[in-house]
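Read through the structure below, which is laid out as C-alpha cells, and then see the notes.
The values are calculated or read from the model by the stated rules, or taken from the named source; none is laboratory data. Here the structure is a predicted model, which means the values were calculated and not measured. As a convention, Cβ positions derive from the backbone with ideal geometry for all residues, glycine included, and neighbour counts pool all protein chains shown. These area figures cover heavy atoms from the full protein model, side chains too; ligands, DNA and RNA do not enter into them. Shrake-Rupley method; radii C 1.70, N 1.55, O 1.52, S 1.80 Å.
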Amino acid sequence: MPSFSYTAITSAGKQVTGSLVVRNKSEAYRELESKSLTPVLVATEAEAATVTGKAKKALALSEAPGGAKLKRQELVLFTEELADLLDAGMQLERALKVLHDRQANSSIQAVSGILRDEIREGTRFSKALAKASPSFDELYRSLVAAGEASGSLPEILRRLVINLKQLFDLQRRTFGAMIYPITVLLACVVLLFVFSTVLMPSLSEMMEKTGQDLPLVTLLLIRFTDFMASWWWLILALMIAAAVGFRVVISTEKGREWWDGYKMRIPAFGPVIMGRFYAQFCHTLSNLVNNGVPLLNSLKLITRGTPNHYIRNHLETVVLDVGEGASLARAMDKTKAFPAALIDRVAIGEQTGQLGKSFSKAAAKYDEDLDVRISRLTTIVPTVMLVLVALLVGVVAYSMITTIFGSMAGIRGR
C-alpha cells in the first residue's frame, strides 16, 4: 500500500506532520479524522516534495489573525462552489470539507478549513464567517444569516454570487472604458508641460521681437503653468489635508450618513447605487418571505446587513412602523426613500396576500434596470472624459496657432 505524508492541526491548534500507510487518500482523511486531526495537506511521498510550500502557505493563512483575506474573484469562486455543493444535496459541514480537500486555491482552502472547524464546534455559519475571513462583510454575513433562518441558504448564496459579479463587472467595465480617456488625458498633460516650458518661451521671445502682445488665452495658460510650478507643493498639501479631513468627517456617524446619502445623488453613479440596493432589497425579502420568515424578522435581517447608513436609518424607521402595526407599503412611503412603483407593488402584494411574489417581480425589474444603468455609466463617463480632453487640446492648439499667426503678422508688418 502507498505511503501518504500529511500536515495537520490538532484540536489544541498545533501543527503536526507524519505519514500513513493506507490504500488511498480517502482512507488517509478518515484516519486523520479518527485521531481528531484537521488535515491541511495529504499527499503521496512523491507529491509531498513538490507541494510543501503550498501546505505551509495554507497553514499560515489558517493561523493568521482574522483568517485569510480573499480577493474578489476568490470570494465569488468560494460562494459559487459552496452554493453548487449545497444544491447537490450536501450538508454544510460536508460541503466545506470538500472545498478544503479539493480546492487548489490556498486561501479558499484555509477559509473552508476554519469554517468547517467552527461549525463542528457548534458555531452558526453566519457567525463563523466573521472568524474565518475579514472578506465576509456585514452584508454578506447578514444575508447568510437570513438564508439560515429561512432554509434558503443556497438561493441566498446564488444571489450573493450575482451581486458580487455585478459589482466586479461594473468595476472592470468602468476601468476598461476609462483606460483610453485617461491615456489621452495624460498625453495632454505632457503636451501642456512641453508647450509651457519649451514652446511658449520661444514663441514669447518671438512676439517680443515683433512688438506684438501675447493673445489672452496664451497669456492665461502661461500664468497658470507658472502658478502651478511655483505653488505645486501648497496645492499638494491642501489636497492631502482635504483627503484626511474627509476621512475624519465620514468616520463619524453623522458624516457617514451624509456621505452615504450624497453618493446616491451623484450623477450617473447615484442611480447605479440605488438600483443595486433596490434589487438586493427585493431579492432578499422575496427569499425570506417565500420561505416562511415573518416580515418583521426579515426586515430586521436586511437592516442589519445594509452597510449604507443613510438607507439603514430609513429601514430602521420602516421596522419600527411595521412593528407598531403599520403596513409595509405605508411605512416605506412614509420614509420618502423608496420609489412609488415599488411601493405600489408592495401594496398590491399585501392586499392579495402574495407579498413574496410581488417582491420577486420587482427584483426582476430592478435587475433589468441595473443592467441598463451600468451600460449607461460605462458609456457616459468615458464620453465626458473625452470631451474634457478635447477641450483641453483645443485650448492649447488655439493658443499656439494664434501666437504663431500673431508673430507672423508682426514680422510682415515690418
## Note on the structure
Which of Lys131/Lys165; Lys165/Lys361; Lys35/Lys71; Lys97/Lys127; Lys71/Lys97; Lys131/Lys361 exceed 27 Å between C-alpha atoms? The answer is Lys35/Lys71; Lys131/Lys361
#### Entry: Full-stretch length increase - Phe168, Val98 - with 0.36 nm per residue and alpha-carbon distance subtracted
22.6 nm
### Message
Per residue of segment 183-194, what does 6.51 cos²θ - 1.76 cosθ + 1.60 with θ = phi - 60° give for ³J(HN,Hα)? Whole Hz please, x for Gly and Pro, Karplus curve as stated.
### Response
4, 5, 5, 5, 4, 5, 4, 4, 4, 5, 5, 4
### Message
Under 5 Å between amide hydrogens, which residues at least 5 positions from Met90 or on another chain qualify, with H placed 1.01 Å from N in the peptide plane?
### Response
none
### Task
Pop out the ³J(HN,Hα) list for segment 374-379 in order, Karplus 6.51 cos²θ - 1.76 cosθ + 1.60 with θ = phi - 60°, rounded to Hz; leave Gly and Pro as x.
5, 4, 5, 4, 6, 9
### Task
Round to a whole angstrom and tell me the spacing of the C-alpha centers of segment 124-141 and segment 323-356.
31
## Note on the structure
With 0.36 nm assigned to each residue of separation and the Cα-Cα distance removed, Val387 to Ala243 gains 49.1 nm
### Task
Taking only protein heavy atoms into account and a 1.4 Å probe, give the accessible area per residue of segment 242-308 in Å².
50
### Task
Set the Förster distance to 41 Å, then compute FRET efficiency between Thr317 and Phe175 from the Cβ-Cβ distance, nearest 0.05.
0.65
### Query
So for the pair Val217, Ile235, with labels modelled 7 Å out along Cα→Cβ, what separation do we get in nm?
2.0
### Task
State, to one decimal in nm, how far the label point of Lys334 lies from the label point of Trp259, with both points 7 Å from Cα in the Cβ direction.
3.1
### Query
What relative contact order, as a whole-number percentage, does segment 259-414 give when Cα pairs under 8 Å and 6 or more residues apart are counted?
28
